[in-house]
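The values are calculated or read from the model by the stated rules, or taken from the named source; none is laboratory data. Treat the numbers as computed from the prediction; the structure is a model and nothing was measured. Positions of Cβ are backbone-derived with ideal geometry, glycine not excepted, and every protein chain shown enters the neighbour counts.
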Amino acid sequence: MTQTLKKESFEVDSINDYYNKYYKFQNKLKPIVLNYLFRNVSFLTIREKVRTLTASESVHISEALTIPIKLVHKVISEFLVGLLNFRKFINKNPNVLHARDQNQFINIILHRFYRLAPVFDYKRAKENARRLKEKLDMLFFWPQLMTQLTIVIFITDLLDKSEPQKIIQSNLRALCSCSAYAFHRTRNKIGLTSKFIKCLSN
């Protein structure tokens, strides 16, 4: 069943006025709202489907960030629409996951993810992608590229001391279109066990 999310209309003129007055550039507001979303509210259903937020969840985010709820709706709805469009593109063009230059492709998609959801350290993620490839080559283990990207962002967020509250794993997997099985299998294969992660957190 195809998922559809429509951008909601919330008194466009008044919202745009507020937006232009207090947040001249969208890149100042977008990271704030999405960072909170990724770390506090799961937008993936039990059946691994992207869902819209409930009214109470939107109100909670609005109050926690002291940002008008209409702006919260604007940012999150645009993100969810963009996410679903990207997932549809990958599903219709699976051949792009088998690009000849795997390193370049990972960097391209990593940048695409960062533009869609700037909730991780992009510069650090690029370096982690390089190190992960070296690790995978040593293990003679090459998981699907979207799984590799999920692990890269997971490691980047895990080691980011400026963000004590980590990204909800289901949200990260939703961003990268990665199954729970593939994520945990790869994480354990490269040694990112629960015990190891606990040591890193101490």
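Take the conditions closer than 21 Å to A180 by Cβ, of a type in the set (K, R) and surrounded by fewer than 13 Cβ atoms within 10 Å (Cβ to Cβ) and apply them to K49. Does it pass?
Spelling it out, K49 is indeed closer than 21 Å to A180 by Cβ, of a type in the set (K, R) and surrounded by fewer than 13 Cβ atoms within 10 Å (Cβ to Cβ).
Does A174 fit the bill of being surrounded by 15 or more Cβ atoms within 10 Å (Cβ to Cβ) and either under 26 Å from N85 (Cα atoms) or modelled with pLDDT under 90 (or both)?
yes
Quick one: what pairs do we get from the stretch 67-92, first residue free of Cβ contacts under 8 Å to residues at least 24 places away in the same chain, second in a loop (DSSP other than H, G, I, E, B) and crowded, with 19+ Cβ neighbours inside 10 Å, C-beta under 7 Å, 6+ apart or different chains?
Every condition considered, no pair remains.
Taking the stretch 141-159 on its own, how many of its residues are within 18 Å of F113 (Cβ to Cβ) and surrounded by fewer than 15 Cβ atoms within 10 Å (Cβ to Cβ)?
Summing the residues that are within 18 Å of F113 (Cβ to Cβ) and surrounded by fewer than 15 Cβ atoms within 10 Å (Cβ to Cβ) in the stretch 141-159 gives 1.
Is it the case, given these coordinates, that A129 is in the same structural domain as D157 (by TED's automatic domain parsing), of a type in the set (G, A, S) and free of Cβ contacts under 8 Å to residues at least 40 places away in the same chain?
yes
Only one residue in L136, L97 is at pLDDT below 90, touching a Pro at 6+ places or on another chain (Cβ under 8 Å) and over 22 Å from K28 (Cα atoms). Which one?
The conditions single out L136.
What is the number of the single condition among (1) under 20 Å from I32 (Cβ atoms); (2) aromatic (F, W, Y); (3) free of Cβ contacts under 8 Å to residues at least 40 places away in the same chain that F154 does not meet?
Single failed check for F154: (1).
Modelled with pLDDT under 90, surrounded by fewer than 16 Cβ atoms within 10 Å (Cβ to Cβ) and farther than 22 Å from K28 by Cβ - does that describe any residue in the stretch 71-89?
yes
For the stretch 43-70, what are the residues that are more than 19 Å from the chain's Cα centre (by Cα) and either under 13 Å from V33 (Cα atoms) or not assigned by TED's automatic domain parsing to the domain that holds L84 (or both)?
Result: V59, H60, S62, E63, A64, L65, T66, I67, P68, I69, K70.
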